[in-house]
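The block underneath contains the structure these notes are about, expressed in structure tokens.
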Amino acid sequence: MEVNMSVEELVNLISELVEKEGKPPLKKEVKKSNPELMKNALHYFPSWDDAVEHSIGS
């Protein structure tokens, strides 16, 4: 699996999405609207929820 963003870029992008939406985006929505983001998230983290938790916790 080839990734095209660093873990820092990924975390920042998820943080921005959370800030914009006011809540963490659902996995189902992200898979449909931004599959590259999901692919990168699952490369660095064991699950989408872990990626979101890390992003809003950092």
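The values are calculated or read from the model by the stated rules, or taken from the named source; none is laboratory data. The shown structure was predicted, so the numbers you read here are calculated from the model rather than taken from an experiment. FYI the Cβ positions are ideal-geometry reconstructions off the backbone, even for glycines, and counts take in every protein chain you see. Please note that ligands, DNA and RNA were not included when accessible areas were found on the heavy atoms of the full protein model with its side chains. Shrake-Rupley method; radii C 1.70, N 1.55, O 1.52, S 1.80 Å.
Key figures for this structure:
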{"read-out": "Among (1) open to solvent by 80 Å² or more (accessible area, probe 1.4 Å); (2) under 10 Å from the mean Cα position of the chain (by Cα); (3) in contact (Cβ under 8 Å) with a residue 40 or more places away in the chain, the one test that H43 misses", "value": "(2)"}
{"read-out": "Cβ pairs under 6 Å, 6+ apart, first in the range 1-29 and over 12 Å from L42 (Cα atoms) and of a type in the set (S, T, N, Q), second outside any loop (DSSP other than H, G, I, E, B) and open to solvent by less than 70 Å² (accessible area, probe 1.4 Å)", "value": "S15/S55"}
{"read-out": "Scan of the range 2-30 for residues that are among the aliphatic types (A, V, I, L, M) and open to solvent by 50 Å² or more (accessible area, probe 1.4 Å), ordered by number", "value": "L13, L26"}
